[in-house]
Amino acid sequence: MYSAVVFDFDYTLGDSTNGIVLSINYALSKLGYGERETEAIRKTVGLSLKDTFTVLTGKEDENEAQAFSKYFKEKADMVMVDNTRIYPGILESLQSLKARGYKTGIVTTKYHYRIEQILEKYGAAKLIDLIVGAEDVRIEKPNPEGLLWAVDKLGLDKKQVLYVGDSIVDAKTARNAVVDFAGVLTGTTKKDDFLEYNNILIGKDVNDVCRSML
């Protein structure tokens, strides 16, 4: 039914919690805000940096949000790759998809170059055909721009693509793009929270989703 599987990254293919917490709290401190607890930060993973700033501070100041993004990137460039791990079984699942002829992609709010660095670290760069990161789009998820761009670049019809993610932001992105969606429970989103969206599957993790396709 599908010719390509496109994934979110954070809490879908891997876990960057430590790097994200370090980078967010660094940015908040530079702007004079107190540090936030890890669990509060985890719930923002998948949001744009602008929305993350608003959620964590309650502020909607455009200039501060831009400064927050700058400081976040400054710290993330130093710590993110070393503090990111790929989930167990992911490399094997991606290899199996490629062996069956599926195209693969990543659409994420992480920076494109950061995903490239992480994939290189884990020897997975050749297993992903396309990356769409934060700097590749004008409007980030749940706006469908990035996912639709990926579908187009893969040379496929939307009906041939499955998007896999861990968050409501991902589910909304797929719905806005009119692309099928599979949810995974490796993030902070519960199964019941996915039920109002049109999911072809809610799996415990990406490996679960991939097994259903192979």
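The values are calculated or read from the model by the stated rules, or taken from the named source; none is laboratory data. Note that the structure is a prediction, hence the values are computed from the model and not measured. Here the Cβ positions follow ideal geometry from the backbone for every residue, glycine too, while neighbour counts run over all protein chains shown.
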**Q.** Where residue 73 falls short, out of the listed (1) of a type in the set (Lys, Arg); (2) buried (at least 16 other Cβ atoms within 10 Å of the Cβ); (3) more than 24 Å from residue 106 (Cβ to Cβ)
**A.** (3)
(Q) Cβ-Cβ under 6 Å, sequence separation 6+ or interchain: first residue in region 186-204 and within 10 Å of residue 168 (Cα to Cα), partner outside any helix (DSSP H, G or I) and hydroxyl-bearing (Ser, Thr, Tyr). Which pairs? (A) 189/167
Q: Have a look at 164, 179 and point out the one that is at pLDDT 95 or above, under 22 Å from residue 47 (Cβ atoms), aliphatic (A, V, I, L, M) and in contact with an Asp or Glu (Cβ under 9 Å, 6 or more places away or on another chain).
A: 164
Q) Which of the residues belonging to region 62-103 are of a type in the set (A, V, I, L, M), touching a strand residue (DSSP E or B) at 6+ places or on another chain (Cβ under 7 Å) and closer than 26 Å to residue 36 by Cβ? A) 86
Q | Contacts under 9 angstrom Cβ, first residue in region 38-52 being at positive phi and modelled with pLDDT under 95, partner buried (at least 17 other Cβ atoms within 10 Å of the Cβ) and part of a helix (DSSP H, G or I), 6 or more apart | A | 46/168; 46/169; 46/170
Q. Which of the residues spanning region 1-19 are closer than 19 Å to residue 130 by Cα and over 14 Å from the mean Cα position of the chain (by Cα)?
A. 2, 3, 4
**Q.** residue 71 vs. criteria modelled with pLDDT of 95 or more, assigned by TED's automatic domain parsing to the domain that holds residue 183 and either more than 18 Å from the chain's Cα centre (by Cα) or not basic (Lys, Arg) (or both)
**A.** no
Q. If you go through region 54-85 one residue at a time, how many are more than 17 Å from residue 134 (Cα to Cα) and in contact (Cβ under 8 Å) with a residue 60 or more places away in the chain?
A. 5
Q: Considering only residues that are among the small types (Gly, Ala, Ser) and not in a loop (DSSP other than H, G, I, E, B), look in region 108-141 and name the one that is surrounded by the fewest Cβ atoms within 10 Å (Cβ to Cβ).
A: 125
Q) Do we have residue 172 as out of contact with any strand residue (DSSP E or B) (no Cβ under 6 Å at 6 or more places or on another chain), closer than 21 Å to residue 42 by Cβ and part of a helix (DSSP H, G or I) here? A) yes
